[in-house]
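Notes follow the structure.
The values are calculated or read from the model by the stated rules, or taken from the named source; none is laboratory data. Please read these numbers as outputs of a predicted model, since none were measured by experiment. A quick note on method: Cβ atoms are made from the backbone with ideal geometry, for glycine too, and the neighbour counts reach across all protein chains shown.
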């Protein structure tokens, strides 16, 4: 079986790259070991938040910021074509601290952003209550970040899969890639479920599984899984309109009244179990932020694996010593955010060289 491009990994990164390539007229095949979009893409919270996730103006921050700038146009076009709404929201984030020590850390983090010219608004207690009346009265410091957005990632993945099917991407599901094939020091294809498939380019977008293929070790980046546990609660409509961020905990409101609460950060290999300890941490912190959540209804709990490199930076581009092998992996906590810029950069490289 011959394709112009083979993509390993059926998450948002792999499928969005496939869409851009197929729109350019290339024959694209996506190989997914399980079901489409059922790993990190499905498990995420959908935050589009470079200011909340990063702590300096670095190349990574600028990449995230550029991708955020692309998002509104990206999802508008996606919705126009597919008639599916990914629920993009741009009402901004609230950054909170609840004691003197965390307030000092938060104030310091906001200070560099203000100095850099990023939009940050310091909130008085009264201003905070107007934006989020249900928040605890024990907030020690609060800021409003108007340029932080969110998307409902589970609705987004539905839109992306629909778009990929519309432009002719071919999917091989339940198909385990075990080997990346090399001839004359160049990648020529893959072996999946014991069969060989050929392609002029192979894109490794396998997320936390990106390092597990049969290749000499120096040809692969080291990407390790980091577990994040999350829960979803059902509350009264309107109890929360803005995403809240407190240390490593965040509360993300959805239009249907659901609140997504995340997340733990655990180095436990490929273990995706939901634990009582993880749930206790999330629920206790969520109730600390919004006491009324003690009466919220429990909807579900889940865990996903974030693909992390040693420096927490994504691996993008062609392998320097192995032509034909292209990487788009290691996005860690920012895969949803970096999807538009990643798909654009990788597709442009493959199409234009």
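Below is a table of values for the structure above.
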{"quantity": "The stretch 294-309 residues that are free of Cβ contacts under 8 Å to residues at least 40 places away in the same chain, paired with ones that are surrounded by fewer than 21 Cβ atoms within 10 Å (Cβ to Cβ) (beta carbon under 8 Å, 6 or more apart)", "calculated": "294/287"}
{"quantity": "Hey, residue 344 surrounded by fewer than 21 Cβ atoms within 10 Å (Cβ to Cβ), free of Cβ contacts under 8 Å to residues at least 12 places away in the same chain and over 17 Å from residue 219 (Cα atoms) or not", "calculated": "no"}
{"quantity": "The lone exception for residue 287 - which of (1) surrounded by fewer than 21 Cβ atoms within 10 Å (Cβ to Cβ); (2) in contact (Cβ under 8 Å) with a residue 24 or more places away in the chain; (3) touching a helix residue (DSSP H, G or I) at 6+ places or on another chain (Cβ under 8 Å); (4) more than 17 Å from residue 47 (Cα to Cα) it fails", "calculated": "(2)"}
{"quantity": "Residue match in the stretch 199-214 (condition: at pLDDT 95 or above, part of a strand (DSSP E or B) and either surrounded by fewer than 17 Cβ atoms within 10 Å (Cβ to Cβ) or touching a helix residue (DSSP H, G or I) at 6+ places or on another chain (Cβ under 8 Å) (or both))", "calculated": "yes"}
{"quantity": "Residue match in the stretch 157-180 (condition: touching a strand residue (DSSP E or B) at 6+ places or on another chain (Cβ under 9 Å), in contact (Cβ under 8 Å) with a residue 40 or more places away in the chain and more than 25 Å from residue 339 (Cβ to Cβ))", "calculated": "no"}
{"quantity": "Which numbered condition residue 98 misses (of (1) surrounded by 13 or more Cβ atoms within 10 Å (Cβ to Cβ); (2) out of contact with any strand residue (DSSP E or B) (no Cβ under 8 Å at 6 or more places or on another chain); (3) touching a residue at least 40 places away in the same chain (Cβ under 8 Å))", "calculated": "(2)"}
{"quantity": "Number of the exception - residue 148 against (1) out of contact with any strand residue (DSSP E or B) (no Cβ under 7 Å at 6 or more places or on another chain); (2) touching a residue at least 60 places away in the same chain (Cβ under 8 Å); (3) within 30 Å of residue 161 (Cα to Cα)", "calculated": "(1)"}
{"quantity": "Any hit, the stretch 320-327, residues being part of a loop (DSSP other than H, G, I, E, B), touching a helix residue (DSSP H, G or I) at 6+ places or on another chain (Cβ under 8 Å) and touching a residue at least 24 places away in the same chain (Cβ under 8 Å)", "calculated": "yes"}
{"quantity": "Among the residues listed as 304, 269, 317, the single one being at pLDDT 95 or above and surrounded by 22 or more Cβ atoms within 10 Å (Cβ to Cβ)", "calculated": "304"}
{"quantity": "Hits in the stretch 218-251 (condition: closer than 18 Å to residue 139 by Cα and assigned to a strand (DSSP E or B))", "calculated": "243, 244, 245, 246, 249, 250, 251"}
{"quantity": "Criterion (closer than 21 Å to residue 153 by Cβ and modelled with pLDDT of 95 or more) met by exactly one of 119, 83", "calculated": "83"}
{"quantity": "Residue match in the stretch 81-88 (condition: touching a helix residue (DSSP H, G or I) at 6+ places or on another chain (Cβ under 8 Å), closer than 17 Å to residue 53 by Cβ and buried (at least 20 other Cβ atoms within 10 Å of the Cβ))", "calculated": "no"}
